[in-house]
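Trainee: Just passing along the structure, written as structure tokens.
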Amino acid sequence: MQLSSILSRFSEPETLKMAKLSRELRAQGVDVVDLSVGEPDFDTPDHIKVAAKKAIDENWSHYTPVPGYPDLRQAVCQKLKRDNNLDYKPEEIVTSTGAKQSLANAILALVDDGEEVIIPTPYWVTYSELVKIARGKVVEVHTSLESGFKITPDQLEAAITPKTKLFLFSSPCNPSGAVYGKKELEALAGVFRKHPGIAIISDEIYEYINYIGKHESIAQFADLKDRIIIVNGLSKGFAMTGWRLGYIAAPVEIAKACEKLQGQFTSATNSITQKAAVTALTADLKPSYAMVEEFTRRRQKTMELVSKIPGIKCFNPEGAFYIFPDISSFFGKSDGTTTIRNSNDLCMYLLNTAHVSSVMGDAFGEPHCIRFSFANSMPNIEKAWGRIKEALAKLK
Ligand code: PLP
């Protein structure tokens, strides 16, 4: 059977590939420590689970409106006011089966054949692939460890052409952990003001997992708000990855376009998740902050352990739960059997020798780096970094 050409335009997520390889090794009885994970290892807070059980008992079991129940869209508006001091109306909110679907909806709603999408590196694996599905052209703007993995206004200006349609970024960033402050966003806003045709997708899914202070959204600049699409969701901040709830806050025209696409793809996310999400978004955030406290300890431990390994250069993440070190000093080295030519080779070496899974930097647009998660228990973090240190020491 000849499959459609769409399939040849994009790759399967590298993150999911690594998770699959570790599962296979584990099934063979190998004790693999998974540092490729992109989700909190905590359980969903009890009050959210109670709300879901109540929704089942109350028979919220039918199709829902495509953009979500009215009370859920209202709850998103409330959250945006409470946390971000942003004013949105329910008709500007579309909920979905996760931030991933929200991104897909928004990219398909905006990008046409050959239009350019500027994405600062490193970026979340799915961004570039969704742009390719939409037949857009990815324009990578490279950042570095030295620049704190943040794009400068000059870099942004230089990347803009008459074909630029969209700028797409995450803050806090997966995988680098970079968090843009208000001044840095203001500087980028200055460039966007000169180019009124460019839309901006601001992926804020790691909003609560921030180690340096208050989350800042680029949507705070009121004169740009009519072309900003905030993407957010419950997966990371509420430990609800499996529940599948994402949302956008966007100008009505874009919200309606996303609703139209979603109406043909999935209708909406499930009714029980929607009801539980109302509770998650409007209740006290204490459980989320408790998770962040634990991530803070793990981040500190991870940085402490990594700093003792020669050859690894690492940025102290300001948000999210990953480190994204430069490991290029190992390229060209060998343990006598395996030669490391690139970050993929090093990931596979660490998986097979140290039994630790990670994700190669190429998938995020930065081939000198590897992503390691610290969304794992403290004992596992200590075990993994002990093994990594030993395996890397064998490379000469
Ligand atoms: N955006 C970023 C930056 C992510 O890291 C992820 C998940 O890893 C998502 C979006 C997707 O989140 P969701 O589970 O809501 O689809």
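Trainee: Which residues, taken from the range 251-265, are farther than 19 Å from D71 by Cβ, surrounded by 20 or more Cβ atoms within 10 Å (Cβ to Cβ) and touching an Asp or Glu at 6+ places or on another chain (Cβ under 6 Å)?
Mentor: Matches in the range 251-265: none.
Trainee: In the range 325-341, what residues are in contact with a helix residue (DSSP H, G or I) (Cβ under 7 Å, 6 or more places away or on another chain) and closer than 17 Å to E366 by Cβ?
Mentor: Hits for the range 325-341 are P325, I327, F330, I340.
Trainee: Here is a follow-up. Quick one: how many residues across the range 215-266 are under 24 Å from G38 (Cβ atoms) and among the charged types (D, E, K, R)?
Mentor: So the count comes out to 3.
Trainee: Pairs please, first residue from the range 75-96 and not assigned by TED's automatic domain parsing to the domain that holds G242, second anywhere and at pLDDT 95 or above, Cβ atoms under 6 Å, 6+ apart in sequence or on different chains.
Mentor: If the second residue must be at pLDDT 95 or above, no pairs are left.
Trainee: Right, something else. Just to verify a result, which residue in the range 218-247, among those that are part of a helix (DSSP H, G or I) and in contact with a Ser or Thr (Cβ under 9 Å, 6 or more places away or on another chain), is surrounded by the most Cβ atoms within 10 Å (Cβ to Cβ)?
Mentor: Per the stated criteria, the residue is I218.
Trainee: Now for a separate question. Collect the residues in the range 82-124 that are open to solvent by 10 Å² or more (accessible area, probe 1.4 Å) and within 16 Å of the ligand (Cβ to nearest atom), keeping them in residue-number order.
Mentor: Residues satisfying the conditions are T97, A99, K100, Q101, A104, L108, P120, Y123, W124.
Trainee: Turning to a different aspect of this structure: Considering only residues that are touching a residue at least 60 places away in the same chain (Cβ under 8 Å) and in contact with a strand residue (DSSP E or B) (Cβ under 6 Å, 6 or more places away or on another chain), which ones fall in the range 102-116?
Mentor: Result: S102, L103, A106, L110.
Trainee: Would you be able to tell me the number of residues in the range 41-75 that are touching a helix residue (DSSP H, G or I) at 6+ places or on another chain (Cβ under 6 Å) and more than 25 Å from P90 (Cα to Cα)?
Mentor: 2
Trainee: Tell me, which residue of the range 266-316 that is among the small types (G, A, S) and crowded, with 17+ Cβ neighbours inside 10 Å is nearest to I209 (Cα to Cα)?
Mentor: Of everything passing the filter in the range 266-316, S288 is nearest to I209 (Cα to Cα).
Trainee: Can I ask one more? Write out, first by first residue and then by second, each pair whose Cβ atoms fall under 6 Å of each other, whose residues are 6+ apart or on separate chains, and whose first residue, in the range 21-45, is small (G, A, S) while the second is within 14 Å of the ligand (Cβ to nearest atom) and open to solvent by less than 80 Å² (accessible area, probe 1.4 Å).
Mentor: S36/M18; S36/A19; S36/V359; G38/T15
Trainee: Among the residues of the range 25-37, is there at least one that is within 14 Å of the ligand (Cβ to nearest atom) and touching a helix residue (DSSP H, G or I) at 6+ places or on another chain (Cβ under 9 Å)?
Mentor: Scanning the range 25-37, I find at least one residue that is within 14 Å of the ligand (Cβ to nearest atom) and touching a helix residue (DSSP H, G or I) at 6+ places or on another chain (Cβ under 9 Å), so the answer is yes.
Trainee: When the residues of the range 38-53 are narrowed to those that are open to solvent by 60 Å² or more (accessible area, probe 1.4 Å) and within 24 Å of T266 (Cα to Cα), which ends up farthest from the ligand (Cβ to nearest atom)?
Mentor: Per the criteria, the residue is K53.
Trainee: Mind checking which residues of the range 1-37 are loosely packed, with under 11 Cβ neighbours inside 10 Å and over 22 Å from N352 (Cβ atoms)?
Mentor: Passing the criteria: M1, Q2, L3, S4, S5, I6, L7, S8.
Trainee: Is there any pair with a first residue in the range 190-207 that is more than 16 Å from I254 (Cα to Cα) and in contact (Cβ under 8 Å) with a residue 60 or more places away in the chain and a second that is open to solvent by 10 Å² or more (accessible area, probe 1.4 Å) and not hydrophobic (A, V, I, L, M, F, W, C) whose Cβ atoms are under 6 Å apart and which are 6 or more apart or on different chains, and what are they?
Mentor: Filtered contacts from the range 190-207: I205/K236; Y206/K236; E207/H215.
Trainee: Another question about this same structure. Tally up the residues in the range 228-248 that are in contact with a strand residue (DSSP E or B) (Cβ under 9 Å, 6 or more places away or on another chain) and under 21 Å from N210 (Cα atoms), please.
Mentor: Going through the range 228-248 one residue at a time, the tally reaches 12.
Trainee: Would you be able to tell me the number of residues in the range 126-168 that are open to solvent by less than 10 Å² (accessible area, probe 1.4 Å) and within 12 Å of the ligand (Cβ to nearest atom)?
Mentor: Number satisfying all stated conditions: 2.
The values are calculated or read from the model by the stated rules, or taken from the named source; none is laboratory data. Here the structure is a predicted model, which means the values were calculated and not measured. All Cβ positions, even for glycine, are placed from backbone atoms using ideal geometry, and neighbour counts span all protein chains on display. Just the protein is used for accessible areas: all its heavy atoms, side chains included, with ligands, DNA and RNA removed. Shrake-Rupley method; radii C 1.70, N 1.55, O 1.52, S 1.80 Å.
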